[in-house]
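Report on one structure; see the data block that follows.
The values are calculated or read from the model by the stated rules, or taken from the named source; none is laboratory data. What you are looking at is a predicted structure, and each value in this text was computed from that prediction instead of being measured. Neighbour counts are summed over all protein chains in view; Cβ atoms, including those assigned to glycine, are modelled from backbone coordinates with ideal geometry. Ligands, DNA and RNA are excluded from the accessible area calculation, which covers all protein heavy atoms including side chains. Shrake-Rupley method; radii C 1.70, N 1.55, O 1.52, S 1.80 Å.
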Amino acid sequence: MVMEPHPPPKKFLTRLDSAVANSRVGKRFKLAERNSTFTTELRAGTATFLTMAYILAVNASILADSGGPCSVSDCLPLCSDPSIPLSNCTGSTHRVIQPDESCKFEPVNPGYASCLEKVRKDLIVATVASSLIGCLIMGVFANLPLALAPGMGTNAYFAYTVVGFHGSGNIPYKSALAAVFIEGLIFLFISAVGFRAKLAKLVPKPVRISSSAGIGLFLAFIGLQNNQGIGLVGYNPSTLVTLAGCPSSSRASVAPVLATANGTVALLPGGTVSGDILCLRDRMESPTLWLGIVGFVIIAYCLVKNIKGAMIYGIVFVTAVSWFRGTKVTAFPDTAAGNSAHEYFKKVVDIHLIESTAGALSFKTIGKRYFWEALVTFLYVDILDTTGTLYSMARFAGFTNEKGDFEGQYFAFMSDAMSIVVGSLLGTSPVTAFIESSTGIREGGRTGLTALTVTGYFFLAFFFTPLLASIPAWAVGPPLILVGVLMMKAVVEIEWDDMRQAIPAFVTMILMPLTYSIAYGLIGGIGTYIVLHVWDWGEELLVKYGVIKRSGGVVNGTHEQAIEDGSVKVVELNRV
């Protein structure tokens, strides 16, 4: 009797994937239908979270620059000689200085600075909570591998334009939150009635296709800079950007100033001081730049060899090296800020409850022009930016059909709209679908389990914020650059031989990184498309009302694509 050989036992992960795929959970999230596995979704969610974890610290820092609910009342009275305690501030040579508006600016009053630090911690928790809720809704109801968090760009507009640095803008922080809240309700309404999907479909096909590549260029540009990247490019007063890569000690901030006749220098009205973006010397000598390049090579090599988890390996390696103090690449330099960051990092676990930003809305300025100006701006940016990002991510994942629709788009639209409302109640700027979701999609994420994995990480972030807030920018930059590479593949679908398609597509792509705004890229592309087609639309109207008649053929070389876009009909026109 011949014994048949037993098949080799399946590996644990294979058995786990098979069990989950055949369970109610696997069928609910369509794992088999979308050719994915449970462990793939976990890996994709991990990659997405690690790539976007910087938002925890960055968003809080940006919004804290607005001053939050802190005011002059938080400033402390000081002695005219700062070295003398207030209790000893007596005698004819010393006097007590009562705080005024100047206490919010350099040198910042200790009381105001203490308030800002509390607000920053509040905003980290607000960022975590609003992101968690958005990802949960996206994963459970839309079943899409997309993560949500307060958007970069809108948070800067909120902090530096609407509220202004330390409250120097047109409306206070609490009123700005009210504007975001109302905008979120309007956004939720137009999403619920399906009008948002109709608005999105009005975007011309070449703009829809190129927006994915434009977002990729935008991501790569972010990854090349200092704030959220490796610092390879920097500011140049003549050419705007140039090769940088110098260490922080060789960089300087830039500000628009006015020099007066008596030699004093003052910041121009409305001007702000930048980060340290100007490279003075020692180009390409930054140790963190080269560590970031090593991370880039690790991820790139893994992508070339098709190794799963490529993004994670690069981020973890660079982050682990950067956590050692006393090195030239440490994330905790020997400065007051570095020491403070390291003390926070050493806590590892820290549970912070929101004290001042939750429910801080105020409708007192609702009758002012600036309030509605901010509200309308938030609304149109969310309609264009968020909707464009959702469609681009769905296209990148291969979910869209020939009409541009994708499964779960209704709840995808609803999830970010609801997150905006929740975020405003917690104290943060508008929440949006994050373009870093493309990292997880690249790792194979195809279902809502990816978003739920990110949700789980955000829940852990409530407790491990000190660790996650310590991921340095040069660890995040490499995956952003390489995700940009992956998203460029959309350009092959553009009809480059048809200038009516190519020009709007190119304008969309180039404006997104160079204006630092997805919304401006979409506006530029749509505007160019309209200008290039308005003549043919006009002729079509004249045909419709009998002013001119058609005799067959082609109008002014208009391609068949025009029919698809609903722009013109392919005819030759003769005047009546």
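If we scan region 195-204, do we find a residue that is farther than 26 Å from PRO269 by Cβ, out of contact with any Phe, Trp or Tyr (no Cβ under 7 Å at 6 or more places or on another chain) and open to solvent by less than 40 Å² (accessible area, probe 1.4 Å)? The answer is yes; a qualifying residue exists. When region 416-444 is filtered for residues that are out of contact with any Ser or Thr (no Cβ under 7 Å at 6 or more places or on another chain) and either more than 25 Å from ALA213 (Cβ to Cβ) or modelled with pLDDT of 90 or more (or both), the ones remaining, listed by number, are MET418, ILE420, VAL421, SER424, LEU425, ILE441.
Region 7-52 holds helices (runs of 4 or more DSSP H) entirely within its bounds, and those carrying 1 or more residues that are within 22 Å of LEU132 (Cβ to Cβ) and among the β-branched types (Val, Ile, Thr) map to 24-28, 38-52.
Can you confirm whether VAL570 is open to solvent by 10 Å² or more (accessible area, probe 1.4 Å), in contact with a helix residue (DSSP H, G or I) (Cβ under 8 Å, 6 or more places away or on another chain) and either at pLDDT below 90 or within 30 Å of ASN226 (Cβ to Cβ) (or both)? So VAL570 passes the test. You will find that of CYS70, CYS103, the residue that is modelled with pLDDT of 80 or more and assigned to a loop (DSSP other than H, G, I, E, B) is CYS70 and no other.
Count of region 20-30 residues, restricted to those that are closer than 14 Å to GLY445 by Cα, over 28 Å from the mean Cα position of the chain (by Cα) and of a type in the set (A, V, I, L, M, F, W, C), is 0.
If the condition is being closer than 14 Å to PRO479 by Cβ and open to solvent by less than 80 Å² (accessible area, probe 1.4 Å), then region 317-342 contributes VAL318, THR319.
For region 142-171, a tally of residues being at negative phi and either surrounded by fewer than 22 Cβ atoms within 10 Å (Cβ to Cβ) or β-branched (Val, Ile, Thr) (or both) returns 12. Listed by position, the strands (runs of 3 or more DSSP E) contained in region 165-283 that have at least 3 residues being at pLDDT 85 or above are 233-236, 240-243. Checking each residue in region 105-132 for being open to solvent by less than 10 Å² (accessible area, probe 1.4 Å) and aliphatic (A, V, I, L, M) picks out VAL119, LEU123, ILE124, ALA126, VAL128. Candidates in region 34-91 are the residues that are open to solvent by 50 Å² or more (accessible area, probe 1.4 Å) and of a type in the set (A, V, I, L, M); of these, the one that is nearest to the chain's Cα centre (by Cα) is LEU42. The single condition among (1) outside any helix (DSSP H, G or I); (2) at pLDDT 90 or above; (3) open to solvent by 50 Å² or more (accessible area, probe 1.4 Å); (4) farther than 30 Å from SER249 by Cβ that LYS308 does not satisfy is (2). Within region 470-522, if we keep just the residues that are outside any helix (DSSP H, G or I) and in contact (Cβ under 8 Å) with a residue 24 or more places away in the chain, the residue that is most open to solvent (accessible area, probe 1.4 Å) turns out to be TYR516. Taken over region 429-469, the criterion of being open to solvent by 10 Å² or more (accessible area, probe 1.4 Å), of a type in the set (Gly, Ala, Ser) and part of a loop (DSSP other than H, G, I, E, B) is satisfied by GLY444, ALA469.
Only residues that are in contact with a Lys or Arg (Cβ under 8 Å, 6 or more places away or on another chain) and of a type in the set (S, T, N, Q) were counted across region 53-70, and they come to 1.
Restricting ARG369, ARG395 to residues that are open to solvent by 30 Å² or more (accessible area, probe 1.4 Å), within 20 Å of the chain's Cα centre (by Cα) and farther than 22 Å from VAL421 by Cβ narrows the list to ARG395.
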